[in-house]
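Enquirer: Below is one structure. I have some questions about it.
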Amino acid sequence: MADDGLISHKRDPIKSSVGNAAAQRRRQHAVTVGKERREALMRTKRLCRVGVSGNSDDASLDDGDMMVEDDQSVLEARTSSAVEELKLAVAYQGKGATQKRVNALRDLRRLLSKSEFPPVEAALQAGAIPLLIQCLSFSSPDEQLLEAAWCLTNIAAGKPEETKALFPALPLLVAHLGEKSSVHVVEQCAWALGNVAGEGEELRNVLLLQGALPALARMMLPNKRSTVRTAAWALSNLIKGPDPRAATELIKIDGIPDGIVRNLKKGDDELATEVAWVIVYLTALSNVATTILAKSNLVQVLVEILAMSSSLQLLIPVLRSLGNLVAGDNHITNVLVAGHEITDNAIQALVKCLKSEHRILKKEAAWVLSNIAAGSVEHKRLIYSSEAMQLLLNLLSTAAFDIKKEVAYVLGNICVAPAEGSGRPNVILDHLVNLVHGGCLTGFVVLVRSADVEAAKLGLQFIELVLRGMPNGEGPKLVEREDGIDAMERYQFHENEELRCMANELVDKYFGEEYGLDE
């Protein structure tokens, strides 16, 4: 069943901007693996070089055996020959037929595990897929099933058109996730399906229709580490949307909420990382999932990991999961953090991330803080009284632009209380005064001058707070001193109507013909 009303009613993961309780911040931020192409590819598809059993005998090649680019044509020729050998082995019905098929599959699998760019195209052109499907038949021994699934896993790790070539094999791969299959076969088939799901929405929908979701979900329930890790990675690819129905269906499966928290607490960074990415997609896409997980002790577990772990790969999805949870509806946010000791612990952990040398951790931590700061006045005061404030002020003036923008959301939200009715948000005067005297106005004027529409709007909103809220009419003089008038006047004929109107109204209202006459 669809997660009714999600798009129109769910608050975006990054909450309200300054002065706008319904600001539109992209939900996609929460489910973005990373802008870096390499990181995205590593998260989405994985080549299998060592078998799921983890035995050293399964290693397909030593480091010194890696094929270099000059040998690619040789590798492709050997792959074509290997497929021909597999064709003969599949057709052979005499003595030792099973071992003959296993040997042929192993030879093909080893070739598909070599080089940075495996010879997938050569295997497909030689007709590998129908043969591999035959080798996946339910009457086959486990060793044959494992080798065939392994070949399909590495084919699925290829280019989009190569991944789509697995379409006829998908029903059997899903079927082998059943309880009658051996653990190693199940894990290898799950790996192959994870690669397929990573290719895009079209193939994800096919897998969902074929029952891959409940089959993979069952793999999350046992205590076997490698099984859960593989299943979690495959599920994170399968539920990443944009349709929220898969995320909602997953969280409703018996045992899944408890299994997620249990596996997250095991102290295994690799396992926790994969499980945390499942939480990222669940909380980004499904209100139902967010509500169910909010009733568990998940937030406490996430905060504990945030405080203790130094793994960048784990901290990123943990930060995003935490940010998504506190970006839920107000009643969820208040249940999660308002008035609880866990809020202080969370802010302390986020301070650790703000101090990190990793720019991505600084940005993600600021994003989570912006969600907390968009909550109640109590939330705002907790951040305001913490060590985070000085760090945020420093980042606003010295950090990279994308971090500055996230920091600006935190500082801006700290200065406003929720408005009554449809009016403008009320200024929290002591917060505003101390932040402005701390030098943050300069950073917001810089945002006004940027070409980024979202950042410019944020800067204008903060300037409005300063002009309206600073006591004794001090606001206009402070803005003028920072060349804020000039920054706003650049929007006099700007193509963006919202920015143009905002800037012109502020200039007309506070710097009109009578400005300065009383001096």
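Enquirer: Let's test the formula: R0 of 60 Å, r as the Cβ-Cβ distance of K355 and K95. What FRET efficiency results, to the nearest 0.05?
Expert: Efficiency at R0 = 60 Å is approximately 0.30.
Enquirer: Per residue and in Å³, how big is the convex hull formed by the alpha-carbon atoms of region 344-462?
Expert: 93 Å³
Enquirer: Between V453 and Q210, with labels modelled 7 Å along Cα→Cβ, what's the label distance in nm to one decimal, could you check?
Expert: For V453 paired with Q210, the spin-label model returns 4.1 nm.
Enquirer: If amide hydrogens are placed 1.01 Å from N in the peptide plane, which non-local residues have theirs closer than 5 Å to the one on V416?
Expert: I428
Enquirer: Output the peptides 83-93, 106-116, 427-437, 369-379 sorted from most to least packed, where packing is the average of other Cβ atoms within 10 Å over each peptide's residues.
Expert: Most protected by this proxy first, the peptides run 369-379, 106-116, 427-437, 83-93.
Enquirer: Given the peptides 462-470, 350-358, 301-309, arrange them by the average over their residues of other C-beta atoms within 10 Å, most packed first.
Expert: Averaged packing, sorted descending, gives the order 462-470, 301-309, 350-358.
Enquirer: Working with all protein chains in place, sort S73, S182 by solvent-accessible area computed with a 1.4 Å probe, largest first.
Expert: Per-residue accessible area, sorted high to low, gives S73, S182.
Enquirer: Sequence-distant or interchain residues sharing an amide H contact under 5 Å with G200, placed H: which?
Expert: Under 5 Å from the amide H of G200: no residue qualifies.
Enquirer: With +1 on each Lys and Arg Cβ and -1 on each Asp and Glu Cβ, and nothing else charged, work out how big the dipole of region 335-462 is about its Cα centre, in Debye to the nearest 20.
Expert: Dipole of region 335-462, to the nearest 20 debye: 320 debye.
Enquirer: Computed FRET efficiency, Cβ-Cβ of F138 and N103, R0 30 Å: what is it to the nearest 0.05?
Expert: With a Förster radius of 30 Å, E is 0.90.
Enquirer: Another question, if that's okay. Can you give me the solvent accessible area of D402 with a 1.4 Å probe, rounded to the nearest 10 Å²?
Expert: Near enough 40 Å² of accessible area.
Enquirer: Express in Å², to the nearest 10, the accessible area of W191 obtained by rolling a 1.4 Å probe over the protein heavy atoms while all chains stay in place.
Expert: Spelled out: W191, probe radius 1.4 Å, area about 50 Å².
Enquirer: Starting from the Cα-Cα distance between D483 and N223, subtract it from 0.36 nm times their residue separation and give me the gain in nm to one decimal.
Expert: Here the segment from D483 to N223 would lengthen by 87.4 nm.
Enquirer: Cα-Cα over 25 Å: which of K240/K457; K380/K404; K352/K477; K362/K477?
Expert: Too far apart for the 25 Å limit: K240/K457; K352/K477; K362/K477.
Enquirer: A further question on this structure: Modelling each spin label as a point 7 Å along the Cα-to-Cβ direction, I'd like the E387/D71 distance in nm, to one decimal.
Expert: So the label points at E387 and D71 sit 5.2 nm apart.
Enquirer: Rounded to two decimals, what is the ratio between the C-alpha radius of gyration of region 100-194 and 2.2 N^0.38 Å?
Expert: Compactness ratio reported: 0.97.
Enquirer: Turning to a different aspect of this structure: Please list the equivalent ellipsoid semi-axes of region 278-318, computed as the square roots of five times the alpha-carbon gyration tensor eigenvalues, in descending order and whole angstrom.
Expert: Working through the eigenvalues yields semi-axes of 20, 13, 4 Å.
Enquirer: Along the Cα→Cβ direction, 7 angstrom out, place labels at F167 and V377. What is the inter-label distance in nm?
Expert: With each label placed 7 Å out from Cα toward Cβ, I get 6.0 nm.
Enquirer: Figure the gain on full extension for T442 and F117 (residue separation times 0.36 nm, minus the Cα-Cα span) and round it to one decimal in nm.
Expert: 112.0 nm is the gain from fully extending T442 to F117.
Enquirer: Right, another one. If you consider only alpha-carbon coordinates, what radius of gyration and Dmax does region 97-256 have, in Å?
Expert: Using the Cα atoms of region 97-256, the pair Rg, Dmax is 15.2, 47 Å.
Enquirer: Taking 0.36 nm per residue of separation and subtracting the Cα-Cα distance, what length does fully extending E497 through A175 add?
Expert: 110.4 nm
The values are calculated or read from the model by the stated rules, or taken from the named source; none is laboratory data. Bear in mind the structure is a predicted one, so any value in this text is a computation, not a measurement. As a convention, Cβ positions derive from the backbone with ideal geometry for all residues, glycine included, and neighbour counts pool all protein chains shown. Accessible surface areas use protein heavy atoms only, side chains included; no ligands, DNA or RNA. Shrake-Rupley method; radii C 1.70, N 1.55, O 1.52, S 1.80 Å.
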